[in-house]
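Below you'll find the structure, written out as structure tokens, and then a few comments.
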Amino acid sequence: MKLVPKLLITAATLTLGFATVDAKPASAAILNYTFTVDSPVTKGNGFFSFDDSTFSSDYNPEAAIKSLSFKFDGDSNVYTQKDDANYPDFPLIFSSTSLTGKKYFALDYQFNDKANPSSSISYEIIGEDFTSFSKNSPNAELRSGTVSYRQVPESTPLVGALFACSFGWMMKRKVTSRKKIKI
């Protein structure tokens with residue numbers, strides 16, 4: 001008989017947890033992504049968000065960036081969407097598939113070096129490719145690297161999962177305290 005309350009509490013906690021974790025986003029949502037640049041020359045981290053209801057109906061759908069920030073490691077300059085060489089038409093988001101077959105959203109973003117404005121160095125992120133190049137010297141050596149993306153989870157499922165875990169913990173304490181009173 002003592003097992004039944006524990007099973008009920010566990011089942012309720014798991015049900016609440018799975019119900020919140022598997023919640024599907026609305027058809028129009030602001031999606032948030034982080035991205036990491038890794039190249040032999042430099043590394044950096046960034047964040048972007050976009051409204052997925054604004055995708056074009058082209059063969060290769062794309063959407064405008066709502067906000068973007070990027071910073072190279074060890075550099076105090078922050079790059080935003082307004083730093084794109086073709087702003088306001090760029091940067092853009094597009095759907096892509098990685099070599100492993102995983103679908104993700106990727107950037108098309110080109111920006112100039114803020115750390116040394118007089119230099120001719122530019123950077124470009126297209127999908128999983130990062131390139132630094134000289135815009136004045138077409139024969140200059142290109143440096144390349146990789147970009148990885150990760151979607152930032154929405155807070156609603158996290159809050160729901162936290163609630164379910166807290167509820168389960170409180171119920172466990174209640175059952176434990178009842179056992180101590182009976183002894």
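Every number in this text was worked out from the coordinates using simple rules, so none of it is lab data. Model, not experiment: these values are computed from the prediction. Note that each Cβ is placed from the backbone with ideal geometry, even for glycine, and that neighbours are counted across all protein chains shown.
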Exercise. If you count, for each residue, the other Cβ atoms within 10 Å and average over each peptide, how do 40-49, 103-112 line up from highest to lowest?
Worked result: 103-112, 40-49
Seminar exercise, completed: The long-range amide H neighbours of Lys66, using H built 1.01 Å from N in the peptide plane and a cut-off of under 5 Å, are Ser49, Phe50, Asp51
Exercise. Considering every pair of different Cα atoms, what Kirkwood radius, in Å, is found for segment 37-82?
Worked result: 12.4 Å
Exercise. Using the per-residue mean of other Cβ atoms lying within 10 Å as a proxy for protection, in what order, highest first, do the peptides 53-63, 79-89, 121-131 fall?
Worked result: 121-131, 79-89, 53-63
Exercise. HN-Hα J couplings of segment 95-105 from phi, Karplus 6.51/-1.76/1.60, θ = phi - 60°, integer Hz, Gly and Pro as x?
Worked result: 7, 9, 10, 6, 5, 7, x, 7, 8, 7, 9
Exercise. Rg to Rh ratio, segment 38-136, alpha-carbon atoms and Kirkwood radius?
Worked result: 0.97
Seminar exercise, completed: Applying the gyration tensor rule to the Cα atoms of segment 73-127 (axes a ≥ b ≥ c; rounded if a/c under 1.5, else prolate if a/b exceeds b/c, else oblate), the class is prolate
For this session: Straight distance only, please: which aspartates and glutamates reach the Cα of Lys82 with their own Cα at less than 16 Å, same-chain residues fewer than 8 apart left out?
Result: Asp108, Asp113, Glu124
Problem set entry | HN-Hα J in Hz across segment 31-36 - Karplus 6.51, -1.76, 1.60, θ = phi - 60°, x for Gly and Pro | 9, 10, 10, 10, 9, 10
Seminar exercise, completed: Calc'd 3J(HN,Hα), segment 115-131, phi into Karplus 6.51 cos²θ - 1.76 cosθ + 1.60 (θ = phi - 60°), Hz, glycine/Pro = x, comes to 5, 9, x, 7, 6, 9, 7, 10, 10, 9, 10, 9, x, 8, 10, 10, 9
